[in-house]
Amino acid sequence: MRLKGECVKESSILIIEDESAIADVLTYALVSEGYAVRHSTLGYEGLELLRSGNYALVIMDIGLPDMNGFDVCRKARNFTDIPILFLSSRSDEVDRVVGLEIGADDYVTKPFSPREVVARVRVILRRGMPSKGVKSTQWFSIDFESARIHYCGSLLDLTRYEYLLLKVLLKHPGRIYSRDQLMDLVWCDALETSDRTVDTHIKTLRAKLKTVRNGLEPIVTHRGMGYSVTNGKEA
Ligand code: CA
C-alpha cells in the first residue's frame, strides 16, 4: 500500500487491484495528472479505507484475491455514494452490465490505456461534483449528506427505504431497474422483505409525490421490466 501525492479528498483516488503491474501503471498516470493515489490489493482492506471517507473515486478490479469486486461494490454502497470505476478482465457483456447494475459508475476492459482511465476518472469526477453532494434533476434535488430529497421545491418526508429507493432510481434517471435489482440495491441489509416490497414502496412514494404535485408521474412503470425515474425529457 502506498500513498503518493498530497492527500486532498477531491483528488484522491483509491485503487483496489491485486496485480501490482496494473496498479503501478495506473498510479503513475494518475499521479502525473495531479491525483493522489492509494493502492490496496484486497477488497476487505479497500472497504476499510473507503469507510474513512477520504477518497473521491475508486478504481476497482473485479477479480480480487479475497472478495469479488462486485461484492466490494455492494457492501460499499451501504455506506457511500463514491464513484466506482471497474476494471474488467473479461470483455463479455455480463460483467459490464452487472457491474453497472450494482451501482458502479463506469468500467474499462483490460487491457486498457492508462490515459483512457485517467480521462474516464476526470469525466466521472466532473459529473459527480455539481455542488457539495447535491444532485439535481428536473424535478428532484437530492442531498446525499443529509439524506434529504426535495421534489418540485418541497422537502419530502420519506422513510429510510423510500429514501434509498428514490436515491437509487435518481442515480441514473431513465434507466430501468428490475424489482430484483432494486431489492439487491435497496433492501440488501433488510431482515424481512416480501415479493411486494418494491411495489409497496413505489406506491407510497408515488402517493407522497402526488401530494406535492398532482398530475406529474416522475416514477415510470415498465411492464414486465421494472421502474425508472423519468429524466424529464419524455414528460
Ligand atoms: Ca485481479
Could you calculate the contour length gain from residue 172 to residue 31, that is, 0.36 nm times the residue separation minus the distance between their Cα atoms, to one decimal place in nm? 47.8 nm
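If I take R0 = 22 Å and measure r between the Cβ atoms of residue 159 and residue 231 in this structure, what FRET efficiency does the formula 1/(1 + (r/R0)^6) give, to the nearest 0.05? Could you put the intermediate results ahead of the total?
Values: r = 25 Å, r/R0 = 1.13.
After rounding, the FRET efficiency stands at 0.35.
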Restricting to segment 12-127, compute how many DSSP beta bridges are antiparallel as a %, nearest 5. 5 percent
Calculate how large, on average over all directions, the projected area of the Cα convex hull of segment 12-127 is; give the answer in nm² to one decimal. 6.2 nm²
Averaging sequence separations of C-alpha pairs under 8 Å and six or more residues apart, then dividing by the length of the chain, give the relative contact order as a whole percent. 13 percent
Using the structure shown, select from 135/208; 110/171; 75/208; 110/135; 75/203; 110/167 the pairs with a Cα to Cα distance greater than 23 angstrom. 110/171; 75/208; 110/135; 75/203; 110/167
Contact order normalised by length for segment 157-226, with contacts defined as Cα pairs under 8 Å and 6 or more residues apart; what percent is it? 42 percent
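Report the full-extension gain for the segment residue 71 to residue 48: residue separation times 0.36 nm, less the Cα-Cα distance, to one decimal in nm. Don't jump to the answer; show the numbers that get you there.
Values: separation 23, 0.36 × 23 = 8.28 nm, distance 1.38 nm.
Roughly 6.9 nm would be gained on extension.
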May I ask you to list the GluC sites (Glu not before Pro) in segment 116-187 that are in a DSSP loop and have at most 11 other Cβ atoms within 10 Å of their Cβ? 145
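Could you compute the FRET efficiency for residue 126 and residue 18, with r as their C-beta to C-beta distance and R0 at 35 Å, rounded to 0.05? Mind dumping the intermediate values first?
Details: r = 29 Å, r/R0 = 0.83.
Result of the calculation: an efficiency of 0.75.
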HN-Hα J couplings of segment 178-185 from phi, Karplus 6.51/-1.76/1.60, θ = phi - 60°, integer Hz, Gly and Pro as x? 6, 4, 4, 5, 5, 4, 5, 7
D for the chain, whole µm²/s, Stokes-Einstein with Kirkwood Rh over alpha-carbon pairs at 37 °C and 0.692 mPa s: what number? 175 µm²/s
Modelling each spin label as a point 7 Å along the Cα-to-Cβ direction, I'd like the residue 191/residue 82 distance in nm, to one decimal. 3.0 nm
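The numbers here are math on the coordinates, done by the rules we state, and not lab data. All of these numbers come straight from a predicted model, not from anything done at the bench. Please note: Cβ atoms are built from the backbone with ideal geometry, for glycine as well, and neighbour counts cover all protein chains shown.
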